[in-house]
1. At least 3 residues that are β-branched (V, I, T) in each: list the strands (runs of 3 or more DSSP E) lying fully within segment 427-528 that qualify.
2. Anything in segment 284-295 that is crowded, with 23+ Cβ neighbours inside 10 Å and within 23 Å of the chain's Cα centre (by Cα)? List them, or say none.
3. Taking the condition of being open to solvent by 20 Å² or more (accessible area, probe 1.4 Å), within 10 Å of ligand 2 (Cβ to nearest atom) and farther than 13 Å from D114 by Cβ, how many residues in segment 161-182 meet it?
4. Go over the candidates R345, R363, R370 one by one and state the one that is open to solvent by 10 Å² or more (accessible area, probe 1.4 Å) and either part of a loop (DSSP other than H, G, I, E, B) or of a type in the set (A, V, I, L, M) (or both).
5. Among the residues of segment 712-722, is there at least one that is within 20 Å of R601 (Cα to Cα), crowded, with 21+ Cβ neighbours inside 10 Å and modelled with pLDDT of 95 or more?
6. List every residue pair whose Cβ atoms lie under 9 Å apart, where the two residues are 6 or more positions apart in sequence or sit on different chains, the first residue falls within segment 150-177 and is β-branched (V, I, T), and the second residue, located anywhere, is near ligand 2 (Cβ under 9 Å from one of its atoms).
7. What are the residues in segment 107-120 that are open to solvent by 10 Å² or more (accessible area, probe 1.4 Å) and more than 16 Å from ligand 2 (Cβ to nearest atom), if any?
8. Scan segment 134-152 and tell me whether some residue there is over 19 Å from I360 (Cα atoms), open to solvent by 10 Å² or more (accessible area, probe 1.4 Å) and at pLDDT 95 or above.
Amino acid sequence: MTVPPPVRVRVHVEGIVQGVGFRPFVHGLARELGLAGSVGNDAAGVVVEVEGGEAAVRQFVVALRERPPALAVVESVRSEALPPTGARGLVITGSAVTGARSALVSADTATCGDCLVEMRDRADRRYRYPFVNCTNCGPRYTIVRDVPYDRATTTMAGFTMCAPCAAEYHDPADRRFHAQPTCCPDCGPTLVLEPGGPGDPVREAAARLRDGAVLAVKGLGGYHLAVRADDADAVARLRAAKHREEKPFAVMAGSLDDARSLVEVGPGAAEALGSRRAPIVLLPRRPGAAVAPAVAPGNRDLGVMLPYTPLHHLLAAELGVPFVLTSGNASDEPIAHVDDDARTRLVGLADGFLTHDRPIHVRTDDSVVRLHQGAELPVRRARGYAPEPVPLAFDVGRPVLGCGAEVKNAICLAAGRRAFLSPHLGDLTNPAALRSFHEATGHLGRLFGITPLVLAHDLHPDYLATRYALDRADAEPDLETVGVQHHHAHVAACLAEHGATPDDPPVLGVAYDGTGFGEDGTIWGGELLLAGLGVYRRVGHLATVPMPGGAAAVREPWRMAAAHLGDVRAAVRDRHADRWDAVVALARSGTASPATSSVGRLFDAVSALLGVRDTVTYEGQAAIELEQHVDPDERGTYPVTAGDVLPGGELVAAVVEDLAAGVATGRIAARFHHGLADATVAAVARLAGEHGVGTAALSGGVFVNAVLLERVRAGLEAAGLRVLVPTRVPCTDGGIALGQVAVCAARM
Ligand SMILES: [Zn+2]
Ligand SMILES: [Zn+2]
């Protein structure tokens, strides 16, 4: 009997394969199959050479693709034959820094079950250690300074592993084999409470929170402000410190059961809450939930999340009640993430700091999702999601940077078939957010080895992201710029994440949002577009009305009511009697009153009419509170004249009539939502038939509204259309950059 000669192959694995335990997995797999060889990281991913029997080698290559570790995303496995060398055993080599950098850095991941068991085990050396982590969990994107992903390129570089940690790190059989942030109480970061107290910082912090203190707590991507959620005085104090801001605060519940005491948790919600991404999930608040009213004023929903770092787990267990955990900042500033800066900015807001000495390299907010048909609908995409790429169905050709929009900015860098969307960066008119924007353009490029050759930007000339693109192209003449219409970008983002290519036939795009620069001199925001990735045509829209005072009308929704009502009598007019006539005159004159087809502004008008919201303190507030005002039992609707121009004025007139008849405002809010949805469905279904289109794509920030989204979707599906909704990127301006990239690439 002859032994068949051994074979040797070199395998390149690309995708999210660094920092996710891929090399230990390969090591174990090779041992299991009796193969020899080597495994290492290079800038593009993992490179393996194995040698052994032909069948075992084949099995090995199949397993790389089919059963990778939990956090790995394998995008490609390429193998080439090599001459056997007679090697024995398997070695793990260091990282090679040569080659094109396209290895993917993974997102920060919630503490895994194994680490929690250790943390709760009195006999374990990491008992109650607030920084326990392993290959399957812990900080990633927020601590990575550069690639290849190794300890030296993270903010853990300053912590030298002790002998037991180093042994785990080097043991191929260990759960921490090559886990870069591996550490323990002897060698890792230290938690401190300032001002200090007797004993354990977590116990002391919990005691102070229990007594109503506001504490700044350093998390994964920045500092939070924490206060117990059921303490009305403490929550009110926090709100006052944050400059009267009315945005709802998120609450951290210690466990899924604790979350169930606060909000209705369906199966989809339980999955999202408990996922390794651990987002804030917006869910219906339970009657009698022990949460102070000031946590989420004017809101029936509550944003809830579960602990996602060991420190959160310790704090939640010690405190025993849900606590507010809101980003550490004043009003609309970005979350503080650098220690000195946090100290300066939060010192007046917090009674103390629960902090540590592991630096945060990249500011990253908590992600926010809603649920739509049991699946996640992203509202803010940041920690746990970014910088995971959105796979594209086509090659973008020349690398593109999508510069995004203004208020909910995120940028998108794309090369090949991958689009890397940065975490939410915030409102660029804020200097700190603008700084993050500049840093992100450099950091993402370095991390993924992408140098853009084209900059895609919004058509709005005054967006700071647009100015960045145009200024940079001025300074670097080789850079090309491509302007992309705002609502086309919204629709394209939805199409791109659903696998569209530039050759696909057009769809009926419905882009409803606050405001975006139109191509006809008006402000768009209620657009029906016959759109593919490369081109679009505006085939319908909401009827235009003047926006009296321009930006002032965005801050003061009652002005939109004035634009619609004119001399018609209504309570909102009485509330603003001193300025009403002047604002109506302004609207009629056209001076400083641009025409807008924005659905967001229509929501504003109705919100003010119903007395829900006359002025706002954050973007979208009037529309959000109007949705919260909807009576869920109301079935009525407002029929409007059919046409390609949706008559928003008819909806407003119906609202005024119902108000005069004394109909409850919750029922009117419901009828308005239904009327707008029904008018949208009728127009889209008719246009789709006219243009021979079988698919509709819904996008734009207005579709965060669940009442509207569900009714529009159901109506279009009943009309026989396939309906696409954003599921990987937000439908808000936070997803615009992906659309800019897709449109730009499709045109080249
Ligand atoms: Zn772990
Ligand atoms: Zn150690």
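The values are calculated or read from the model by the stated rules, or taken from the named source; none is laboratory data. Note that this is a predicted model, so its numbers are computed, not measured. For neighbour counting, all protein chains shown are included, and Cβ atoms are generated from backbone atoms with ideal geometry for every residue, glycine included. Side chains are part of the model used for accessible areas, which takes the heavy atoms of the whole protein and leaves out ligands, DNA and RNA. Shrake-Rupley method; radii C 1.70, N 1.55, O 1.52, S 1.80 Å.
1. 480-484, 507-517
2. Listed by number, the list holds a single entry, V295.
3. 7
4. Only one candidate qualifies: R363.
5. Checking segment 712-722: at least one residue is within 20 Å of R601 (Cα to Cα), crowded, with 21+ Cβ neighbours inside 10 Å and modelled with pLDDT of 95 or more.
6. Going by the 9 Å Cβ cut-off, the qualifying pairs are T160/A166; T160/C187.
7. Scanning segment 107-120 gives A110, T111, C112, G113, D114, L116, V117, R120.
8. Taking every residue of segment 134-152 in turn, none turns out to be over 19 Å from I360 (Cα atoms), open to solvent by 10 Å² or more (accessible area, probe 1.4 Å) and at pLDDT 95 or above.
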